[in-house]
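The values are calculated or read from the model by the stated rules, or taken from the named source; none is laboratory data. Predicted model only: the values in this text are computed from it and were never measured. Cβ placement follows ideal geometry from the backbone for every residue including glycine, while neighbour counts extend to all protein chains displayed. When the accessible area is computed, the model is the full protein with side chains, heavy atoms only, and any ligands, DNA or RNA have been set aside. Shrake-Rupley method; radii C 1.70, N 1.55, O 1.52, S 1.80 Å.
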Amino acid sequence: MKRTGTLAKAATVLSVSALALTGCGAADDASADGNVELRFAWWGSDTRHQQTQEIIDAFEEQNPGVTITGEYGDFGGYWDKLATQTASSDAPDIIQMDEKYLREYADNGALLDLSDVDVAAIDEGVVDSGRTEDGLFGVATGVNVMAMMANPTIYEEAGVELPDDSTWTWDDFSEVSQQIAENTDVHGTSGPNEPAGFQIWLRQQGKELTTPEGELGFEASDAAGYLGMWHRMMKDGALPPASVVTEDQEPGPDQSLTGTNGAAMGMWWTNQLSALNAASGNQLVPLRFPSTESGDHQLFQKSAMFMSASARTEHPEEVKAFIDFMVNSEEAGKINLADRGLPANETVREAVLPELSEADTAAAEFVEEVQPELGEALPVPPLGFSTLQEIIYRYELDVLFERATPEEAAERMMSEMESAIS
């Protein structure tokens, strides 16, 4: 999904539970006939559910005696359920994990160290995105890059040319968006996608949202500049009214302004391009983010998601074997395609590229094109990072609804963020 609401329940439940590694295991004991039963939890679309079941079937065929039961749902409900399961010593054996929550679970002893899973064919920076000082707790399935997805059909209707994304600036972005809004009955752009939008903008100022030491990496003046930019865009007609931005913070690709042709541009991860095209009926084009100074985009490669495992699993070797199959086998790669990101395993990626749809091919080509330009890898998010998205959105809306000035909102936002990650 593009956005989420408040998902702090995971951290809350984890903190109030001792998470002692005693008590019942995450998986049922092997049955009397020696068979191993595992549980695998993931979130995603119906397509992902079907593809994942195909991968499970293929693994089970190659590993007689191992049975894997799937548990899946939408992104928001997934984390509430996982937090509850973890707190009650009933976590699934195999867990699809997001970077926002990795440290919250790992630092509380809830995840299995996967350091002996083969990651030789995965870029070192991508591998390290699942690593803390205590071990490797998530193996990346794939990689994404945040892009500005542009709808050429709306641009054409507006009589506006697609920008040169190698040089355009935030001022250019605002001007183009305003022109489209003036010349059509749709918005020039949807609202920012957080925290990635803020992260990229900060990196263009030489700052980071959070540091490797787990602290905030920016000043209140930086946040005020960012919030003020979006407020000016709204006042100029380049950004939709605050009420429209509010409604567009939750939907996935199919119900979003971008997916319903209600906006000419929107910030999305590259693996979401296929869903956006399907929803809109148009062939959207991934563009580099605007830059503060021409050409310095400071995009970053993000691990789309991770395969993690419960520290309480009764069957760690079988769990690791499945994770190895998921990320390192061409068979699983050709089933997953780009749904869990462009495959992190570079050998699998080469095998998958000819099988991709037109949209996924365009996304893959964009990722490959910007690869040499990418900034430094992001630090592993600190404990409490999962709450920052909701905090940023809330203070953005305070500014857009003019309940606070950018400076007032920035001070309060920083204070709340510091408390969240301390």
Odd one out for D248 among (1) closer than 24 Å to G281 by Cα; (2) touching a Pro at 6+ places or on another chain (Cβ under 8 Å); (3) at pLDDT 95 or above: (3)
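Between T47, T6, which is of a type in the set (S, T, Y) and either within 27 Å of I335 (Cβ to Cβ) or at pLDDT 75 or above (or both)?
Working: T6 fails: either within 27 Å of I335 (Cβ to Cβ) or at pLDDT 75 or above (or both).
Going through T47, T6 in turn, the sole match is T47.
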Restricting segment 88-104 to residues that are modelled with pLDDT of 95 or more and not in a loop (DSSP other than H, G, I, E, B), the residue that is farthest from T387 (Cα to Cα): I94
Scan of segment 206-262 for residues that are closer than 30 Å to A278 by Cβ, part of a loop (DSSP other than H, G, I, E, B) and of a type outside the set (S, T, N, Q), ordered by number: G237, A238, L239, P240, P241, D248, E250, P251, G252, L257, G259, G262
The one condition in (1) in contact with a strand residue (DSSP E or B) (Cβ under 7 Å, 6 or more places away or on another chain); (2) closer than 21 Å to S274 by Cα that Y155 fails to fulfil: (1)
Count - residues of segment 260-286 that are open to solvent by less than 10 Å² (accessible area, probe 1.4 Å), closer than 11 Å to N151 by Cβ and either of a type in the set (S, T, N, Q) or under 18 Å from the mean Cα position of the chain (by Cα) (or both): 2
Among the residues listed as S291, S310, S303, the single one being surrounded by fewer than 24 Cβ atoms within 10 Å (Cβ to Cβ) and touching a residue at least 60 places away in the same chain (Cβ under 8 Å): S291
Near pairs, Cβ below 7 angstrom, 6+ apart or cross-chain, from segment 201-213 (of a type in the set (K, R)) to any residue that is modelled with pLDDT of 95 or more: K207/G217; K207/F218; K207/D222
Conditions (1) surrounded by fewer than 23 Cβ atoms within 10 Å (Cβ to Cβ); (2) under 19 Å from F40 (Cα atoms); number of the one not met by R340: (1)
Pairs, first of a type in the set (F, W, Y) in segment 158-175, second surrounded by 14 or more Cβ atoms within 10 Å (Cβ to Cβ) and in a loop (DSSP other than H, G, I, E, B), C-beta under 7 Å, six or more apart: W168/P290; W170/P290; W170/T292; F173/P290
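Kindly provide the set of residues from segment 208-223 that are within 21 Å of D296 (Cα to Cα) and either touching a Pro at 6+ places or on another chain (Cβ under 9 Å) or modelled with pLDDT under 95 (or both), ordered by number. Break it down into steps so the answer makes sense when it comes.
Let us first name the residues in segment 208-223 that are within 21 Å of D296 (Cα to Cα), namely 208-211, 217-219, 221-223.
Across segment 208-223, the qualifying residues are E208, L209, T210, T211, G217, A223.
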Residue match in segment 142-162 (condition: open to solvent by less than 30 Å² (accessible area, probe 1.4 Å), outside any helix (DSSP H, G or I), over 21 Å from G341 (Cβ atoms) and touching an Asp or Glu at 6+ places or on another chain (Cβ under 7 Å)): no
